[in-house]
Amino acid sequence: MAQEDIFKKLVAHCKEYGYVFQSSEIYDGLSAVYDYGQYGVELKNNIKKYWWDSMVLLHENVVGLDSAIFMHPTIWKASGHVDAFNDPLIDNKDSKKRYRADVLIEEQLAKTEEKINKEIAKAQKRFGDAFDEKQFRETNPRVLSNQQKYDELHARFAKALNDNDLAELKQIIVDQEIVCPVSGSRNWTDVRQFNLMFSTEMGSTAEGASKIFLRPETAQGIFVNYLNVQKSGRMKIPFGIAQIGKAFRNEIVARQFIFRMREFEQMEMQFFVRPGTELDWFEKWKTSRMKWHQALGFGEENYRFHEHEKLAHYANAAVDVEFKFPFGFKEVEGIHSRTDFDLAQHEKYSGKKIRYFDPELNESYVPYVVETSIGVDRMFLQVISAAYCEEELEKDSRVVLKLPPVLAPIKLAVLPLIKKDGLPEKAREIINNLKFDFNCQYDEKDSIGKRYRRQDAIGTPFCVTVDHQTSQDNTVTIRYRDSMEQERVTISELGKIIGEKVNMRRLFEKL
Ligand code: GAP
């Protein structure tokens, strides 16, 4: 099945099984805004816990923060967001649709890359074990010609971005004969810059309301609290401040479900270091964050680092962690070496000294910062797309979410075989005992087979069936989601069997 079709099914599955709903659906929805349903919110909370504990629990020099969404408007002037938090936009005059010029070109690059990959996959199939990819890349005329096209376009695109050359971006779109996916025409406007921040008013008009912004990143809340945390926590450099919270961006290209939203959540950590050591810390956090992703077991081949085409004006190094979504490799997380830009800017605009006295050097300086920034919603999409699986079985088929058990919303379902003979009561007794440790679900409706399928679709790693034998010897059947194997165990063993698989410690030990 084409990846596109799988993605459509995944989106439908998320709705049908209470993971993600379109916001304001009964009013025809609000574009690029989503709500998380009963299972979605549990998965999201588990992802956040995995991130938070890996930062704050496992690093004695990383502490948490929860800063407000509303902040003084000068913060956004100082950070550069008022003047430079822009996307280059282009409109198609026939369809009246608006696009990000850089995304149109990136998609063109991805198409060329796809052609190369297809050639390689075909050859791999043909030659089997004898296939030498390096040699094939260096000698096959079609691959060489596409690689040359890719490299030329890539270099031109990177230069246009770095020079902020909007006319050149348009010229690339024209030269590449990129068409509007809706109208199919090449009737484009010029490229313009568009600021992504949402604004609102604070205070009544009588008092003189002031324009404030909804934060487009949580990071600035950390920067402006740097001194508060450093002093009150007597933190010594190097140290980090971690925060999870909502961010808002008026995104123009709002496609691909929860990949790009207008209201989303970020998990950000700013690590304050001595100037001159930032590139070492950048490398350390790069390695550490990749391990965090790969510990979930979705396959190392599905991750890669992507160096930025254009470094932001404040950064001296930046890399993205990309995951292979059904629509290709895309950014999940950014790791940025932000120099002392943000703190120095806040020093300048606030007029307050934001320094660290380093007792080892016996001098004060503005710390440098290495940032790790990941979207909760993108991480959610990573997890759910890696977990979604359609399996053909001997007699029928099933859709199963092979979620890592530690992240699964429901850890176990307890199912009485029939609705009488004291079996429901026994099932409730098991839940009442285990509910303090695990999120449990009781289900007595439909045949046992249908109930297993329902739990597979939700991603519940364990189903426990209570039958007549249970009343005699206190044993139950435990069924494992992925293998569908069943075994007979005593009720008293359940806590241990499940606990071993769903304890986050298992993930943390891999980091
Ligand atoms: N403080 C740095 C910063 O915000 P970013 O690369 O703009 O950097 C970091 O964003 C992460 O936030 C991204 O890697 C992505 O996971 C997430 N993110 C950004 N914009 C998003 C959007 N519109 N919808 C969902 N997630 C988004």
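Data table
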read-out: Options ARG428, ARG451: the member that is of a type in the set (Lys, Arg), over 28 Å from the mean Cα position of the chain (by Cα) and open to solvent by 40 Å² or more (accessible area, probe 1.4 Å); value: ARG428
read-out: Test: GLN472 is within 17 Å of GLU425 (Cβ to Cβ) and open to solvent by 60 Å² or more (accessible area, probe 1.4 Å); value: yes
read-out: Any pair with Cβ under 9 angstrom, 6 or more apart, that starts in the stretch 255-276 at a residue that is part of a loop (DSSP other than H, G, I, E, B) and among the small types (Gly, Ala, Ser) and ends at one that is within 10 Å of the ligand (Cβ to nearest atom) and open to solvent by 10 Å² or more (accessible area, probe 1.4 Å); value: none
read-out: Lone qualifier among LYS211, LYS246 - being modelled with pLDDT under 95, among the basic types (Lys, Arg) and farther than 24 Å from ASN362 by Cα; value: LYS211
read-out: Residue within the stretch 287-303 that is in a strand (DSSP E or B), in contact with an Asp or Glu (Cβ under 8 Å, 6 or more places away or on another chain) and within 14 Å of the ligand (Cβ to nearest atom) present; value: yes
read-out: Any hit, the stretch 10-19, residues being open to solvent by less than 50 Å² (accessible area, probe 1.4 Å), among the hydroxyl-bearing types (Ser, Thr, Tyr) and in contact with a Lys or Arg (Cβ under 6 Å, 6 or more places away or on another chain); value: no
read-out: Strands (runs of 3 or more DSSP E) contained entirely in the stretch 150-230, each with at least 3 residues that are surrounded by 13 or more Cβ atoms within 10 Å (Cβ to Cβ); value: 192-195
read-out: Test for SER288: is it touching a residue at least 12 places away in the same chain (Cβ under 8 Å) and open to solvent by 30 Å² or more (accessible area, probe 1.4 Å); value: yes
read-out: Cβ-Cβ under 8 Å pairs, at least 6 apart or on other chains, the stretch 320-347 side within 24 Å of TRP51 (Cβ to Cβ) and among the basic types (Lys, Arg), far side assigned to a helix (DSSP H, G or I) and more than 10 Å from the ligand (Cβ to nearest atom); value: LYS324/GLU301; LYS324/ASN302
read-out: MET269 being within 11 Å of the ligand (Cβ to nearest atom) and buried (at least 17 other Cβ atoms within 10 Å of the Cβ); value: yes
read-out: Wholly enclosed helices (runs of 4 or more DSSP H) of the stretch 17-95 bearing at least 3 residues in the same structural domain as VAL376 (by TED's automatic domain parsing); value: 38-52
read-out: Qualifying residue in the stretch 308-318 (condition: open to solvent by 20 Å² or more (accessible area, probe 1.4 Å), in the same structural domain as LEU227 (by TED's automatic domain parsing) and at pLDDT 95 or above); value: no
read-out: Test for SER385: is it within 16 Å of the ligand (Cβ to nearest atom), open to solvent by 10 Å² or more (accessible area, probe 1.4 Å) and either without any contact (Cβ under 8 Å) to a residue 24 or more places away in the chain or in contact with a Gly (Cβ under 7 Å, 6 or more places away or on another chain) (or both); value: no
read-out: ILE478 vs. criteria surrounded by 15 or more Cβ atoms within 10 Å (Cβ to Cβ), in contact (Cβ under 8 Å) with a residue 24 or more places away in the chain and either not in a helix (DSSP H, G or I) or not assigned by TED's automatic domain parsing to the domain that holds GLN38 (or both); value: no
read-out: SER364 assigned by TED's automatic domain parsing to the domain that holds GLU263 and either open to solvent by 40 Å² or more (accessible area, probe 1.4 Å) or assigned to a loop (DSSP other than H, G, I, E, B) (or both); value: yes
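Results for (1) away from the ligand (no atom under 16 Å from the Cβ); (2) in a strand (DSSP E or B); (3) not assigned by TED's automatic domain parsing to the domain that holds GLU4, shown as yes or no for each residue.
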| residue | (1), (2), (3) |
| --- | --- |
| PHE323 | no, yes, no |
| GLU331 | no, yes, no |
| TYR349 | yes, no, no |
| GLU360 | yes, no, no |
| PRO404 | yes, no, yes |
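For (1) in contact with a helix residue (DSSP H, G or I) (Cβ under 7 Å, 6 or more places away or on another chain); (2) within 16 Å of the ligand (Cβ to nearest atom); (3) touching a residue at least 40 places away in the same chain (Cβ under 8 Å), each residue gets a yes or a no:
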residue: VAL369; (1), (2), (3): yes, yes, yes
residue: LYS395; (1), (2), (3): no, no, no
residue: PRO409; (1), (2), (3): yes, no, yes
residue: VAL414; (1), (2), (3): yes, no, yes
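The values are calculated or read from the model by the stated rules, or taken from the named source; none is laboratory data. Because the structure is predicted, anything quoted here is derived from the model rather than measured. Because the Cβ atoms are built from the backbone with ideal geometry, glycine has one as well, and the counts that use them run over all protein chains shown. Keep in mind that these areas ignore ligands, DNA and RNA; they rest on the heavy atoms of the full protein, side chains included. Shrake-Rupley method; radii C 1.70, N 1.55, O 1.52, S 1.80 Å.
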